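Engineer: Here it is, the structure in full.
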Amino acid sequence: MLLYIIISIVSLVVLVALHELGHFLVAKYYNVRVDEFGIGIPPKICSKKIGETEYSLNLLPIGAFVSMYGEDKAAEGERSFSQKPIYQRALILLAGVVAFWIVAFFLLTLMAIIGVPEIISDDIESPNAKVMIIGLENDYPALAAGLELGDVILSLESSTEKLDVSKTIEAREFLSNYAKEPITLTIERGRNQENIVVQSLEESGIVGFYLARTEITKYPWYRAPIYGATMTGDITFQVVKILGTSIKNILLREELPPGVQVAGPVGIVKDFFVGAIDRGIVDYLQVMVMVSISLAIFNLMPIPALDGGRLLFLLIEKIKGVPISEKVEQSLVAISFMILIGIFVIVTFHDIFR
């Protein structure tokens with residue numbers, strides 16, 4: 001477990017470091033002076049200056065950062081970020097966000113070569129097909145019993161009958177037929193098998209999970225990038241859609257969409273990374289993809305402390321012809337940063353108590 005947690009934390013730091021590398025490379029391309037590229041948050045453990053840039057390793061493993069001359073405060077000189085044309089500053093800011101999508105594309109391409117589970121119909125004959133849990137409803141027996149996303153259902157057993165599951169319709173019919181009694185599910189989770197007992201709350205046999213029949217598909221190397229690009233777009237669309245619905249529900253004080261939960265780093269590590277690592281490389285890469293795309297979309301939100309907010313400032317500058325007052329910009333960034341830190345702390349405590 002400890003090893004899985006370490007891998008999870010390192011994975012998150014690597015994702016953020018690659019995001020910052022995007023800023024770094026494009027800043028260098030446009031001849032902006034980069035004073036420091038740091039992994040982790042200070043205090044510093046060690047550092048080394050190469051050329052004009054200091055590369056540092058810091059104590060707190062919660063991200064990375066790039067410090068550019070003239071980034072936070074206007075500074076004179078042709079190598080100052082603040083003196084560069086608006087389009088160059090915008091591209092430097094966008095580079096970090098685009099890096100997340102590039103990472104997702106390459107990981108999805110790798111997954112396609114290794115082999116990815118794809119949903120197939122019950123009508124298709126496949127000796128290797130498996131019935132997998134792809135969704136869980138809050139406040140239903142399946143989640144309460146300990147079932148997880150990605151669990152493969154091998155068999156269902158009542159007091160009088162046992163069914164080896166190979167199709168989703170068979171599983172649904174079995175649960176419906178024995179809705180009034182506990183059902184033992186034999187599931188495959190990573191390299192392990194477990195027996196979990198679930199009983200429906202309703203006579204219909206609904207236990208609160210969504211099933212899909214899946215089969216491992218491997219793509220040739222020349223088709224894998226097409227799969228990677230297509231899936232990157234599809235996942236981005238779904239994440240934006242879910243995020244929009246979630247924000248609307250929060251504003252209207254309604255429940256979050258089924259299966260959606262708010263999680264900070266602790267929750268992401270415990271609820272997503274650790275289980276995925278245990279299930280295998282493809283599940284781990286899939287979580288990396290989801291986190292990467294989610295961070296890209298989050299960073300584009302028009303919040304002053306994020307890249308999206310700074311892009312909004314540049315748009316206002318382009319329209320007005322003059323930049324926003326430095327004092328106003330710094331105040332908005334500071335306020336939004338403190339709000340984000342407050343939310344981060346609240347969500348982290350929620351994750352720990354949960």
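Engineer: Among the residues of the stretch 232-247, is there at least one that is aromatic (Phe, Trp, Tyr), in contact with a Gly (Cβ under 7 Å, 6 or more places away or on another chain) and closer than 22 Å to Gln286 by Cβ?
Structural biologist: So far as the stretch 232-247 goes, no, none of its residues is aromatic (Phe, Trp, Tyr), in contact with a Gly (Cβ under 7 Å, 6 or more places away or on another chain) and closer than 22 Å to Gln286 by Cβ.
Engineer: Also: Report yes if Leu285 is surrounded by 13 or more Cβ atoms within 10 Å (Cβ to Cβ) and not assigned by TED's automatic domain parsing to the domain that holds Gly63, otherwise no. Let's see the steps before the verdict.
Structural biologist: Numbers: surrounded by 13 or more Cβ atoms within 10 Å (Cβ to Cβ): yes; not assigned by TED's automatic domain parsing to the domain that holds Gly63: yes.
So Leu285 fits the description; yes.
Engineer: Exactly one of (1) surrounded by 13 or more Cβ atoms within 10 Å (Cβ to Cβ); (2) in a strand (DSSP E or B) is unmet by Ser82. Its number?
Structural biologist: Evaluating Ser82 over (1) surrounded by 13 or more Cβ atoms within 10 Å (Cβ to Cβ); (2) in a strand (DSSP E or B) leaves (2) as the failure.
Engineer: Right, here's the next one. Only one of Lys130, Lys48 is among the basic types (Lys, Arg) and either farther than 30 Å from Phe272 by Cβ or at pLDDT below 85 (or both); which?
Structural biologist: Values: Lys130 fails: either farther than 30 Å from Phe272 by Cβ or at pLDDT below 85 (or both).
That would be Lys48, the only listed residue that is among the basic types (Lys, Arg) and either farther than 30 Å from Phe272 by Cβ or at pLDDT below 85 (or both).
Engineer: Would you say Glu125 is over 30 Å from Tyr219 (Cα atoms), surrounded by fewer than 20 Cβ atoms within 10 Å (Cβ to Cβ) and either in contact with a His (Cβ under 8 Å, 6 or more places away or on another chain) or outside the structural domain of Ala296 (by TED's automatic domain parsing) (or both)? Please lay out each step first, then the result.
Structural biologist: Details: over 30 Å from Tyr219 (Cα atoms): no; surrounded by fewer than 20 Cβ atoms within 10 Å (Cβ to Cβ): yes; either in contact with a His (Cβ under 8 Å, 6 or more places away or on another chain) or outside the structural domain of Ala296 (by TED's automatic domain parsing) (or both): yes.
So Glu125 does not fit the description; no.
Engineer: Sort through Gly146, Gly150, Gly135, Gly190 and tell me the only one that's at pLDDT below 90, more than 26 Å from Arg223 (Cβ to Cβ) and touching a helix residue (DSSP H, G or I) at 6+ places or on another chain (Cβ under 6 Å). Break it down stepwise before answering.
Structural biologist: Values: Gly146 fails: touching a helix residue (DSSP H, G or I) at 6+ places or on another chain (Cβ under 6 Å); Gly150 fails: more than 26 Å from Arg223 (Cβ to Cβ); Gly135 fails: touching a helix residue (DSSP H, G or I) at 6+ places or on another chain (Cβ under 6 Å).
After ruling out the rest, the residue left standing is Gly190.
Engineer: Spot the failing condition for Ile187; the list is (1) assigned to a helix (DSSP H, G or I); (2) buried (at least 17 other Cβ atoms within 10 Å of the Cβ), and only one is missed.
Structural biologist: Result: Ile187 fails condition (1) only.
Engineer: Another one. Of (1) out of contact with any Pro (no Cβ under 6 Å at 6 or more places or on another chain); (2) buried (at least 19 other Cβ atoms within 10 Å of the Cβ), Asn58 satisfies all except one. Which?
Structural biologist: (1)
The values are calculated or read from the model by the stated rules, or taken from the named source; none is laboratory data. If you're wondering where the values come from, they're calculated on a predicted model, not measured in any experiment. Positions of Cβ are backbone-derived with ideal geometry, glycine not excepted, and every protein chain shown enters the neighbour counts.
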